[in-house]
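Every number here is computed from the coordinates shown, using simple stated rules; none is lab data. Here the structure is a predicted model, which means the values were calculated and not measured. Positions of Cβ are backbone-derived with ideal geometry, glycine not excepted, and every protein chain shown enters the neighbour counts.
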Amino acid sequence: MSAMLADRPSTTPVMPGPCPVIETGRLVLRPHRMQDADAIAGSLCDFEVARMLTRVPVPYDREDGRDWLNMVTSGLKPDWHFAITLDGVHVGVVSLEVRHGLWHVGYWLNRFYWGKGIMSEAVEAVLERFFRRMPGVEIASGAFADNPASRRVLEGRGFRVVGVRDVYSKSRAQMVSLVEMRLGQADFASRSHKS
């Protein structure tokens, strides 16, 4: 019996390790802390931010933020959840998480900081670090069809469209068209740098 077990291929997936701290030209991307609950609630209580996300309820309050932080700071999952900070202020999130056996990147940004290239800078840095730790992995993402700014962030990193499907948006309480996208390390390395 032990010889059979020794010949069996390992099914334990390779994981990227703990969420690192990443510094860019303007930003510090760091693991979340429970103290981030107020900043998260302050951003996600804005319907213009929440409406572009699938899993965020409306209204969103401090307790919702604490519940999410309890999950992402527990260390029970291999996921990376970065607080995007600018001059020490929490302004958004970039997350890489395993869903249904596939890595997914997702993000949001406080509306006050939209249009300043912050999300492009943050996603670029996170993907670069992730691919160094997890070479050869394909990453999924997507953006609602009515969110061209988010699609531009993904396309600028080399993501390609693989389909469109309807998903339920908690904040909108309705089905919304999601443009599904994928990114391989070769696509990320070979793309032209866009914002």
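Tell me whether the range 14-23 contains one or more residues that are touching a strand residue (DSSP E or B) at 6+ places or on another chain (Cβ under 7 Å), of a type in the set (A, V, I, L, M, F, W, C) and either crowded, with 20+ Cβ neighbours inside 10 Å or not in a strand (DSSP E or B) (or both). Quick ask: steps written out before the conclusion?
Residues of the range 14-23 touching a strand residue (DSSP E or B) at 6+ places or on another chain (Cβ under 7 Å): 16, 19, 21-22.
Now drop any that are not of a type in the set (A, V, I, L, M, F, W, C), which leaves 19, 21-22.
Checking the rest, the ones that are also either crowded, with 20+ Cβ neighbours inside 10 Å or not in a strand (DSSP E or B) (or both) come to 19, 21.
There is at least one residue in the range 14-23 that is touching a strand residue (DSSP E or B) at 6+ places or on another chain (Cβ under 7 Å), of a type in the set (A, V, I, L, M, F, W, C) and either crowded, with 20+ Cβ neighbours inside 10 Å or not in a strand (DSSP E or B) (or both).
Please enumerate the residues belonging to the range 40-59 that are touching a residue at least 60 places away in the same chain (Cβ under 8 Å), assigned to a loop (DSSP other than H, G, I, E, B) and either touching a helix residue (DSSP H, G or I) at 6+ places or on another chain (Cβ under 6 Å) or more than 17 Å from Leu109 (Cβ to Cβ) (or both). Walk me through it before giving the result.
Narrowing the range 40-59 to residues touching a residue at least 60 places away in the same chain (Cβ under 8 Å): 42-44, 46-58.
Checking the rest, the ones that are also assigned to a loop (DSSP other than H, G, I, E, B) come to 46, 51-58.
Within the range 40-59, Asp46, Val56, Pro57, Val58 qualify.
Filter the range 85-116 down to the residues that are aliphatic (A, V, I, L, M) and either touching a Cys at 6+ places or on another chain (Cβ under 7 Å) or surrounded by 13 or more Cβ atoms within 10 Å (Cβ to Cβ) (or both) and list them by number.
Start the filter on the range 85-116 by keeping residues that are aliphatic (A, V, I, L, M), which leaves 86, 89, 91, 93-94, 96, 98, 102, 105, 109.
Hits for the range 85-116 are Leu86, Val91, Val93, Val94, Leu96, Val98, Val105, Leu109.
Applying the selection to the range 141-195, what residues are charged (D, E, K, R), part of a strand (DSSP E or B) and farther than 14 Å from Gly106 by Cα? If you could, list the steps in order and put the result at the bottom.
The initial filter retains those residues of the range 141-195 that are charged (D, E, K, R), namely 146, 151-152, 155, 157, 160, 165-166, 170, 172, 180, 182, 187, 191, 194.
Next, from what is left, pick out any that are part of a strand (DSSP E or B): 160, 165-166, 180, 182.
Selection gives Arg160, Arg165, Asp166.
Please go through the range 155-171 and pick out each residue that is within 17 Å of Ser95 (Cβ to Cβ), in contact (Cβ under 8 Å) with a residue 40 or more places away in the chain and either exposed (fewer than 12 other Cβ atoms within 10 Å of the Cβ) or within 17 Å of the chain's Cα centre (by Cα) (or both).
Within the range 155-171, none qualify.
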